[in-house]
Structure formats: C-alpha cells, structure tokens
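Q: Take a look at the following structure, please.
The values are calculated or read from the model by the stated rules, or taken from the named source; none is laboratory data. Remember, predicted model here, so these are calculated numbers, not experimental data. Cβ coordinates were reconstructed from backbone atoms using ideal geometry, including for glycine residues, and neighbour counts include every protein chain displayed. We work out accessible area using only protein heavy atoms, side chains counted, and drop any ligands, DNA or RNA first. Shrake-Rupley method; radii C 1.70, N 1.55, O 1.52, S 1.80 Å.
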Amino acid sequence: MASDRTPIQVPELPESVADATVIALHKKAGDAVKRDELIAELETDKVVLEVSAPSAGTLVELSANEGDVVKADAILGYLGPAEAAPEDPDEEAEDEAAPSRASTATEGGKPASVATGDREEKPAAASSPEPAPSGAGNGAAGSPPPPTPAVRRLLQEAGLRPEDVEGSGDDGRIQRADVERARSDRSAPAASSEPSGSVGAARPQAHPADPGDRAERIERVPMTRLRARIAERLLEAKQTTAMLTTFNEIDMSAAMALRSRYKEPFEKRHSIKLGFMGLFVAAASRALERFPVVNAALDGEEIVYHHYSDIGIAVSSSRGLVVPVLRDTGNAPIAEIERRIRDYAERARDGKLDIDELRGGTFTITNGGVFGSLFSTPILNPPQSAILGMHAIKERPVAVDGEVVVRPMMYVALSYDHRLVDGAEAVQFLVAIKEAIEDPARLLLDV
C-alpha cells in the first residue's frame, strides 16, 4: 500500500546551491536496507552529500539514476516494509537445480567458487553461454560488482585499474578507502627481489607499443561539479582582482629545532603530532592582528574588516582542492590548531566535510611544499584579499653574519588584492610571519 511507503528525499542543499548530481547509487530496487544505511551519494559544487535510509525496510522504488540532476527535497525513491520484497522463487528453483548441472556442481550442489570460499577457483561453467541465476549476486560469479561512478573517477585520477584494487565493500565492491589505500601502497617504495636493472622492464605500459589510431586512445571525462567550481572561482579571481604577489624566504632552523626538541612530549601531552602548519597558522593570526587590512574584504564600495581570524587551510582530496576553515585561530592554542587540521585532512580524504566548514574564511594558507613545490604564486580565494603560500624546505647556502652557511630554507609567497592592500602592508605582513617562524619565542611573547 502507498501509505506503507516511506519517501527517500534529497537532503537540504547548501546555501546558493540549487541542485545536485547523483554520482553513486549503492542500492537498487528490491534490496533490503538497514536504518541509516547508505543508499546514494550526491555531489554539489562544494561537497558530497550522503543519502541514508530513514528506516529499515525494502527499497521498493528508485526513481533516480546515476548522473541525474536532482533538486532539494526531491524524491529519490521509496522504502517499504521488509516483507515487501520476498525472495525470488526462480532463484530458489535454480539453487535446487544446481546439483544436476555437471558443469557447475560440486559438494552440496553449490558452485565451486562458493563451496571452496576461494574467489580464484571459478566454476567450470564460467565459459558457458548459460546466464547466471538471477539474484545470485556478482560474488558467486567470481567477480565483484563494478565500482560506482565516483569510485571509477578516483581510480582514473589515481592511475589505477579496478583489478589492481582489492574491494572491501559488499561482494568485494571497491570503496573510496580501498582506492586511497591502493594509491598509498603504490607510492610507497616496494621491495623487489629482481635486479635493479630490471625495474624499468617490469613497469606496465599505459598503452600498447603499436601506435594504432590515436583517436581510440583518447578519453573524454566530464568535469566534476567541484572541479568546475574550482575552475570558475580561479578564473573569477584572475579577472576581478588586481592580484600581486610578494615573496620572501624563511630560515626554518629554529622551527625545526623546536619541533625536534618538543616532538615527543607534545605528542604525549596532546595526542597529536607537532607540525609546521600549526606554527604558520599561529604566526599568520598574529600578523593579521597587526595588519587588519590583509584580513579584510571588499564589498562594493565598502571595506569589510574582520576582527577575528578564520583561516582556511587548502587540503588536497580525491575530488579536488577543498578549503576547510579553522575558526577564531587567534585564540586557539597550537595543539588545538594541529588537531583540527588533522581532522579536516582525514575527513576531506573521505569526502565527509560539512558545507559550513568550507565557507566564511577571512584568509587562506596553502602548502605546496608537501608535494615538493619549491616556488609558486598562489591565487586568491575570493572574496578574501590575501593568501599565503608555503613551499618545500630545502637546504641552501645563505649568508649569515658575513659567512656562507647551509640552512634549511623555505620560500613563502603572499598573493594579495592590490586594490585593497598596499605593497608596504603586504611586505610587512610577510616579514612578520618570517620573524615569528625564525624566532618562535615571538609567538609566546606576542612581539
């Protein structure tokens, strides 16, 4: 009965977001689901939203397909009582008839892949044109269900094939975490018993040596909504601001010595590792207090000054660059800053950030050094007026007190909107950060 059906609705979308794209369906009509079990994933231009079952039951209707664009509060499908979808009698009949099939029978009348519990031992009938029993599931046929479009995109971005990744989902389906784990395993140095000269020969080729038709070796993939939004905002920043960048370099000796000396007691006391980002956020917070115009924004003919510092931290995720915001960093201890950064990084990797955590920042820090960047010009994150770029730490010869010494140095860059921030203020702001990192006692003494 229709009254027994519970609607599954698109959740409330973030402010200024009109619709979302269905990027993955984890259930199909007829599936039994538990309360809060994941049914679908929706992608907006800011975050990925998960749609879960409002109650336990059976998915009796699914009105959306992967790739569909849906509005807020739209109906994705309906849940019925658990008994609404009884077992398929044809499936039971085929299970009973299985022992009579000489091509697939083993002990107990089950296919070999099920009887042995070993996915590698496939039934002899795998090459038979006879179709698999309906509802038997992909696992019984020896191959897991295909990955969702979202996971396929992650595989492509990671340069992996589905057969390279072991799935941990139902029936061996590949999940996001499986792709991240495989990517991490591949980037780690692998031990090999082969001679070093054979490493290059063992590397798989992306394409066969035969050139063939190049058109057949071109793949077109639509941009994700997040990537399209990033492109739009970067172009907006270049076209609507008078962006200028000033550079400096920081001797990281004192910061590295500080971290080396207090690394273990800090981690023991706060259960979090001491990194450099916490120091830079603290230094930037102090500098923003001294130079409030760097923390301001233009709104038409008005300048909006923020008497607080909400600093966005650029985080690389499998979907693209996201910038979660650390709130009120001027009053936060370094341990709390480090804890929040780690939390954001972990949830960004899993696509679990909330929309409120991605908006409202007054200043941004991006660290290209984690990827090996030595020098770059960061682009503004409108409507903010400035962004700080950190880079890799490299030992370089520098002149100190008339002598050439080798020090661990980092280039830093401050891009700013010259319509609002004068060059003198931008340079002094960057120098204030340099002084705080080179002499961390300044952060304690607030000088």
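Q: Within the range 418-444, track down each residue that is out of contact with any strand residue (DSSP E or B) (no Cβ under 6 Å at 6 or more places or on another chain) and open to solvent by less than 60 Å² (accessible area, probe 1.4 Å).
A: Result: Val421, Gly423, Glu425, Phe429, Val431, Ala432, Ile433, Ala436, Pro440, Ala441, Leu443.
Q: Residue under question is Thr246, and the condition is that it be at pLDDT below 85, open to solvent by less than 30 Å² (accessible area, probe 1.4 Å) and either within 30 Å of the chain's Cα centre (by Cα) or not acidic (Asp, Glu) (or both); does it hold?
A: no
Q: Moving to a separate point now. Of all residues in the range 319-331, which are within 20 Å of Glu289 (Cβ to Cβ) and in contact (Cβ under 8 Å) with a residue 12 or more places away in the chain?
A: Val325, Leu326, Arg327, Asp328, Thr329, Gly330
Q: What are the residue pairs meeting all of these: first residue in the range 68-81, first residue within 21 Å of Pro222 (Cβ to Cβ), second residue open to solvent by 50 Å² or more (accessible area, probe 1.4 Å) and not in a strand (DSSP E or B), Cβ atoms under 8 Å, and 6 or more apart or on different chains?
A: Listed by first residue and then by second, the contacts come to Lys71/Ala18.
Q: Can you give me the number of residues within the range 337-357 that are over 17 Å from Glu50 (Cα atoms) and either open to solvent by less than 80 Å² (accessible area, probe 1.4 Å) or among the polar types (S, T, N, Q) (or both)?
A: Qualifying residue count for the region: 7.
Q: Checking Ala287 against (1) of a type outside the set (Ser, Thr, Tyr); (2) out of contact with any Asp or Glu (no Cβ under 7 Å at 6 or more places or on another chain); (3) surrounded by fewer than 24 Cβ atoms within 10 Å (Cβ to Cβ), only one condition comes out false. Which one?
A: All conditions pass for Ala287, except number (3).
Q: Kindly check whether there is at least one residue in the range 304-326 that is more than 22 Å from Ala432 (Cβ to Cβ), surrounded by 15 or more Cβ atoms within 10 Å (Cβ to Cβ) and touching a Phe, Trp or Tyr at 6+ places or on another chain (Cβ under 7 Å).
A: yes
Q: When you scan the range 148-229 for helices (runs of 4 or more DSSP H) that lie fully inside it, which ones turn up with 2 or more residues that are modelled with pLDDT of 75 or more and closer than 30 Å to Ile39 by Cβ?
A: Here the list reads 149-158, 176-187.
Q: Right, something else. Whether any residue in the range 270-284 is in contact (Cβ under 8 Å) with a residue 12 or more places away in the chain and in contact with a Pro (Cβ under 7 Å, 6 or more places away or on another chain) is what I want to check.
A: Yes - at least one qualifying residue is present in the range 270-284.
Q: Let me ask something else about it. What tally of residues in the range 251-271 results from selecting those that are within 24 Å of Val406 (Cα to Cα), hydroxyl-bearing (Ser, Thr, Tyr) and open to solvent by 80 Å² or more (accessible area, probe 1.4 Å)?
A: Going through the range 251-271 one residue at a time, the tally reaches 2.
Q: Are there any pairs, at least 6 apart or on different chains, whose C-beta atoms fall under 6 Å, with the first in the range 353-376 and among the hydrophobic types (A, V, I, L, M, F, W, C) and the second open to solvent by 30 Å² or more (accessible area, probe 1.4 Å) and at pLDDT 90 or above, and if so, which?
A: Going by the 6 Å Cβ cut-off, the qualifying pairs are Phe375/Tyr411.
Q: Given the conditions (1) small (Gly, Ala, Ser); (2) modelled with pLDDT under 80; (3) within 30 Å of Leu414 (Cα to Cα), which single one is not true for Ala237?
A: Failing condition for Ala237: (2).
Q: I've got another one for you. Return the residue satisfying two criteria in turn: it lies in the range 298-344 and is touching a Ser or Thr at 6+ places or on another chain (Cβ under 6 Å) and assigned to a strand (DSSP E or B), and of such residues it is nearest to Gln428 (Cα to Cα).
A: The qualifying residue nearest to Gln428 (Cα to Cα) is Ile311.
Q: Go through the range 334-358 and report how many residues are of a type in the set (D, E, K, R) and modelled with pLDDT of 85 or more.
A: Residues that pass the stated criteria total 9.
Q: While we're on this one: Could you grab the pairs with beta carbons closer than 9 Å, sequence gap of 6+ or different chains, first residue in the range 299-317 and of a type outside the set (Ser, Thr, Tyr), second one surrounded by fewer than 16 Cβ atoms within 10 Å (Cβ to Cβ) and part of a strand (DSSP E or B)?
A: Ala314/Leu321; Val315/Leu321
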